[in-house]
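Novice: Encoded as structure tokens, here's the structure I'll be asking about.
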Amino acid sequence: MAAGRGLRRGGDAAPDDAVDVDVSRVRAVLVLGGVPWGELDDGVQEVRLKLLEQRADPGRPGIRNPSAWSGVVAARVAVDRHRAGAREDGLRARLAARWARPEAVRPLDEDRALALTVADALARLTPEQRHLLVLRFYVDLPVAAIARELGVPEGTVKSRLHTATARMRALLSETEGDSGDRTD
């Protein structure tokens, strides 16, 4: 068989412009490469396309052994399909993780009681103290941002925060002392 000619099914020589390859060899290489049965024809077509691209480029040398060349290309196609599948699986997993609804975490009774205690103590503070504590500890703003928000110097914010946290601490200690005296 002359160099540069493809093979048709059955091994008959094909004309130079044909893009047929040794289909049985290509299928065998694709199967060994892990390509699913349902995608074998697509894999063969990819190999044929590569052969067509090879022949269309005048700067590339001719194919000396089309059967060996098609086997190598089929192996590369199988690897490419495997990598593409792995990329798709990774993408699916990342998307599923991103859009998955987290399981609802049920707070413990102790957490509920603590939340109610803190809410009660916050309600007993002045509105200015409550506002400062919410900005600092719930909104998590730094002192400088709170100062800009309220239009006061940073030192004033620090002083008011100190007073508000001391009052909150006293209220919580008072509540803790009350609940510690009870017997269940």
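Novice: Which residues make up the longest stretch of the chain clear of trypsin sites (Lys or Arg not before Pro) that lie in a DSSP loop with no more than 11 other Cβ atoms within 10 Å, not counting the sites?
Specialist: 65-181
Novice: Can you tell me the relative contact order of the chain? Whole percent, Cα pairs under 8 Å, sequence separation 6 or more.
Specialist: For the chain, the relative contact order is 16 percent.
Novice: Also: Over segment 23-99, what is the mean sequence separation of C-alpha contacts under 8 Å (at least six apart), divided by residue count, expressed as relative contact order in percent?
Specialist: Reported as a whole number, the value is 40 percent.
Novice: I need two numbers for segment 86-178: Rg to one decimal and Dmax as a whole number, Cα atoms only, in Å.
Specialist: 20.1, 60
Novice: Further question: Sequence gap at least 6, Cα distance under 8 Å: using those rules, report the relative contact order of segment 92-174 to the nearest whole percent.
Specialist: It comes to 30 percent, rounded to a whole number.
Novice: Would you calculate a helix-derived [θ] at 222 nm for the chain, using -39,500 (n - 2.57) for each DSSP H run of n ≥ 4 and dividing by the full residue count, to the nearest 500?
Specialist: The helix contribution divided over the chain gives -21500 deg cm²/dmol.
Novice: Quick test of the membrane-span-like rule: which DSSP H helices of the chain reach at least 15 Å along their long axis (C-alpha atoms) with mean Kyte hydropathy at least -1.0?
Specialist: Those that pass (Cα extent of 15 Å or more, hydropathy at least -1.0) are 40-56, 66-99, 109-123, 154-181.
Novice: Right, another one. So for segment 17-92, considering every pair of alpha-carbon atoms, how many percent are separated by more than 19 Å?
Specialist: Everything past 19 Å amounts to 36 percent.
Novice: Is the shape of segment 87-130 rounded, prolate or oblate, going by the alpha carbon gyration tensor and its root eigenvalues a ≥ b ≥ c, with a/c under 1.5 for rounded and a/b larger than b/c for prolate?
Specialist: Since a/c reaches 1.5 but b/c is at least a/b, the shape of segment 87-130 is classed as oblate.
Every number here is computed from the coordinates shown, using simple stated rules; none is lab data. Computed from a predicted structure; not experimentally measured. Note: ideal-geometry Cβ built from the backbone for every residue, glycine included; neighbour counts use all protein chains shown.
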